[in-house]
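> Here you go, one structure.
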Amino acid sequence: MKSTAKDYRHIQFCDDRTQVDIEQLQTLFKLAAFWARERCTEDLEIAVANSNPIVTAWDGEQMIGFARATSDGIYRATIWDVVIHPDYQGGGLGRKLVQTLISHPLMCRVERVYLMTTYQQKFYERIGFEYNESTTMVLYNQPLESLPRTEEIPVEQTANAVSVGG
Ligand SMILES: CC(C)(COP(=O)(O)OP(=O)(O)OC[C@H]1O[C@@H](n2cnc3c(N)ncnc32)[C@H](O)[C@@H]1OP(=O)(O)O)[C@@H](O)C(=O)NCCC(=O)NCCS
């Protein structure tokens, strides 16, 4: 009998952040990421520029998977925006995407890796993540559209913000 399981051996994973295709990322988010459907390309470029590592999955020229993290390289890291194109889900690519991300040199020595998920707890459990109810707080900033664009913030103001935070 012929197997109906899809063969994904040709899918390539890439951890070069400069290879992210912003237009394709926007399309992928519109299709499969309910929390990120409205994101514009300008803001996605900012998110990509400030995230490291980033892993993408490719079927030839088509970007069919994306995951990013922010990490201090030693103590804490957080994973964001994990997505596999709907046509490619259920074949182990999501697992490989996250495993590639957490194997990156900026992630693999980090003491704790966090993530937030609304519906995919079971998926992350399969990869080794555990429930953690003790660390969930959030600050809701103003809606993005009401904030000045990064280039509109006076230099003195950003310098102050850095010295306060440090
Ligand atoms: C979540 C997502 C990335 C998973 O990718 P995927 O390629 O479909 O998942 P995989 O095939 O690699 O699944 C790995 C394992 O998790 C299990 N799994 C995946 N999704 C699951 C779910 N929703 N519920 C229970 N188990 C799930 C799989 O059965 C598989 O189990 P196995 O260890 O027995 O083989 C993908 O479904 C997706 O992009 N969803 C939409 C976006 C999203 O919700 N992202 C997560 C945001 S936090």
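> What spacing in nm lies between the two simple spin-label points modelled at residue 21 and residue 127, each 7 Å away from Cα in the Cβ direction?
It works out to 2.2 nm between the two label points.
> Looking at the stretch 36-87, which GluC sites (Glu not before Pro) are in a loop (DSSP not H, G, I, E or B) and have at most 14 other Cβ atoms within 10 Å?
On the way: sites: 38, 42, 45, 61; in loops: 38, 61.
Those satisfying the criteria are 38, 61.
> Among 48, 65, 10, whose Cα projects farthest towards the positive end of the dipole of the chain, with charges put on the beta-carbon of Lys, Arg (+1) and Asp, Glu (-1)?
Looking along the dipole axis, the top candidate is 10.
> What do you get for chymotrypsin sites (Phe, Trp or Tyr not before Pro) in the stretch 1-110 restricted to DSSP loop and a cutoff of at most 16 other Cβ within 10 Å of the site's Cβ? Kindly include the intermediate steps, with their values, before the conclusion.
Working: sites: 8, 13, 29, 34, 35, 58, 66, 75, 80, 88; in loops: 8, 75.
The qualifying sites are 8, 75.
> In a shell of Cβ-Cβ distance under 9 Å around residue 76, excluding residue 76 itself, what net charge do Lys and Arg (+1) and Asp and Glu (-1) give?
Details: positive: 112; negative: 72, 111.
Its environment carries a net charge of -1.
> Sticking with this structure for a sec: Viscosity 0.692 mPa s, temperature 37 °C: what is the translational diffusion coefficient of the chain from Stokes-Einstein with a Kirkwood Rh over Cα pairs, rounded to a whole number of µm²/s? If you can, show how the numbers build up before the last one.
Details: Rh = 17.7 Å.
Taking Rh from Cα pairs, D becomes 186 µm²/s.
> A further question follows. Report ³J(HN,Hα) in whole Hz for each residue of the stretch 54-68, in order, from the Karplus equation J = 6.51 cos²θ - 1.76 cosθ + 1.60 where θ = phi - 60°; Gly and Pro get x.
Result, ordered by residue: 10, 10, 10, 10, 10, 10, x, 8, 8, 7, 10, x, 8, 8, 9 Hz.
> Limiting things to C-alpha atoms, what are the Rg and the maximum Cα-Cα separation (Dmax) for the stretch 1-91, in angstroms?
For the stretch 1-91, the Cα radius of gyration and maximum Cα-Cα distance read 14.2, 50 Å.
> By how many degrees, 0 to 90 and rounded to 10, does the Cα axis of helix 155-165 deviate from the longest principal axis of the chain?
Roughly 80 degrees between the two axes.
> Further question: Roughly what % antiparallel, to the nearest 5, for the DSSP beta bridges in the chain? Each step should come with its number before you reach the end.
Numbers: 15 of 20 bridges.
So the antiparallel bridges amount to about 75 percent of the total.
> Quick check on the stretch 11-61: take the gyration tensor over C-alpha atoms, sort the square-rooted eigenvalues as a ≥ b ≥ c, and tell me if it's rounded (a/c under 1.5), prolate or oblate. Write out the running numbers ahead of the final one.
On the way: a/c = 1.96, a/b = 1.23, b/c = 1.60.
Verdict is oblate for the stretch 11-61.
> Fewest first, what order do 68, 109 take by the number of other Cβ atoms within 10 Å?
Details: 68 22, 109 11.
Ranked by crowding around the Cβ, least crowded first: 109, 68.
> Chymotrypsin sites (Phe, Trp or Tyr not before Pro), restricted to the stretch 101-141: which are DSSP loop and have at most 11 other Cβ atoms within 10 Å?
Working: sites: 114, 119, 123, 124, 129, 131, 140; in loops: 119, 129, 131, 140.
For chymotrypsin sites (Phe, Trp or Tyr not before Pro) across the stretch 101-141 that sit outside H, G, I, E and B with at most 11 neighbouring Cβ atoms in 10 Å, the list reads 119, 131, 140.
Where a number appears in this text, it was derived from the coordinates with a stated rule and is not lab data. Small disclaimer: the values here were computed from a predicted structure and weren't measured. No Cβ is skipped: glycine too gets one built from the backbone with ideal geometry, and neighbour counts run over all protein chains shown.
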